[in-house]
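Working notes, structure below.
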Amino acid sequence: DAGVIQSPRHEVTEMGQEVTLRCKPISGHNSLFWYRQTMMRGLELLIYFNNNVPIDDSGMPEDRFSAKMPNASFSTLKIQPSEPRDSAVYFCASSGQDQPQHFGDGTRLSIL
Amino acid sequence: SQQGEEDPQALSIQEGENATMNCSYKTSINNLQWYRQNSGRGLVHLILIRSNEREKHSGRLRVTLDTSKKSSSLLITASRAADTASYFCATDAPSGTYKYIFGTGTRLKVLA
């Protein structure tokens, strides 16, 4: 089992640029989560997909953030335009029905 | 919010000693989970305890749950240097939704 795979592991870009984070969930898992982790706010749920459908995006900070899940094996989180306050570690997690979440190793994003 | 709050924020012990971390939460839950996060890595699920359970064991881990006090504890016995990590509790919503709220974490350092 390869686990949840996120790319890139690190991203450094200038403010105003578009950032795309990618996630491959564990095969067979039907739930996918995007989280953001910062020292100040801890781990925050951004969006939750079930069977590729966005169920809860109430944690998405603002319209600059968008997420898609075109199929069961791929999801993206996009920030456009990016701002320095978006700097954080972004995690993707997946789970099966009523199962614990499995996390990827995250993308460390720095917006200059 | 039903965010869990871990206590202490940081803990430093000698190898071989026991480590106890506590989690308090605000509203009724169906279950509570504990996760570990090594530096630069994603969260790893350790153990889940349901609201009708009072104690659960897994290897060197012992978790207790007191729903009347809305608190849980995680005990790691005979700690090892490899246990050095941050530990988080996560609580679900009473309606049994997918949404878990993660606490602020306890940073454990085990000295060899």
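Shielding by partners for peptide A:97-103, expressed as the average number of C-beta atoms from other protein chains within 10 Å of each residue's C-beta, is 5.
Across q = 0.10, 0.11, 0.16 Å⁻¹, chain A modelled as identical point scatterers on its alpha-carbon atoms has Debye log10 I(q)/I(0) values of -0.25, -0.31, -0.65, in the order of the q list. Residues of the stretch B:53-87 with an amide N closer than 17 Å to a point placed 7 Å from the Cα of B:N30 along the Cα-to-Cβ direction: B:53. Among the residues of B:99-107, the average count of other protein chain beta-carbon atoms within 10 Å of the residue beta-carbon is 4. Placing dummy labels 7 Å off each Cα toward the beta-carbon, the span from B:N18 to A:A72 is 4.5 nm.
With a 1.4 Å probe, how much accessible area is buried between chains A and B, both sides summed, in Å² to the nearest hundred? That pair hides around 1300 Å² of surface in total. With contacts taken as Cα pairs under 8 Å and at least 6 residues apart, chain A reaches a relative contact order of 37 percent.
You can think of it this way: the chain between A:E83 and A:D57 has 7.4 nm of extra reach, that is 0.36 nm per residue less the Cα-Cα gap.
Convex hull volume of the C-alpha atoms in chain B, normalised per residue: 92 Å³. Normalised by the number of residues in chain B, the mean separation of alpha-carbon contacts (under 8 Å, six or more apart) gives a relative contact order of 38 percent. For the listed peptides A:98-108, A:40-50, a ranking on the average number of other beta carbons within 10 Å per residue, highest first, reads A:98-108, A:40-50. Report in % the part of the accessible area of the protein assembly as shown that belongs to carbon and sulfur, leaving out ligands and nucleic acids; probe 1.4 Å. The value for the protein assembly as shown is 47 percent carbon and sulfur by accessible area.
Per residue of peptide A:49-57, the mean number of Cβ atoms on other chains within 10 Å of the residue Cβ is 1. Here the stretch B:58-112 and the stretch A:23-68 have alpha carbon centers that stand 22 Å from each other.
Total lysine pairs in the protein assembly as shown at Cα distances under 27 Å, for residues eight or more apart or on different chains: 17.
A 1.4 Å probe run over the stretch A:1-73, with the rest of the protein chains in place, finds 57 Å² accessible per residue. In this simple spin-label model, placing a label point 7 Å from the Cα along the Cα-to-Cβ direction at both B:R54 and A:R108 gives a separation of 4.5 nm. The tail of the calculated P(r) for the protein assembly as shown, taken as Cα-Cα distances beyond 24 Å, holds 45 percent of the pairs.
The values are calculated or read from the model by the stated rules, or taken from the named source; none is laboratory data. Nothing here was measured: the structure is a model prediction, and the numbers come from that model. We place every Cβ from the backbone using ideal geometry, glycine too, and count neighbours over all the protein chains shown. For the accessible areas, the whole protein counts, side chains as well, though only heavy atoms, and no ligand, DNA or RNA atoms are used. Shrake-Rupley method; radii C 1.70, N 1.55, O 1.52, S 1.80 Å.
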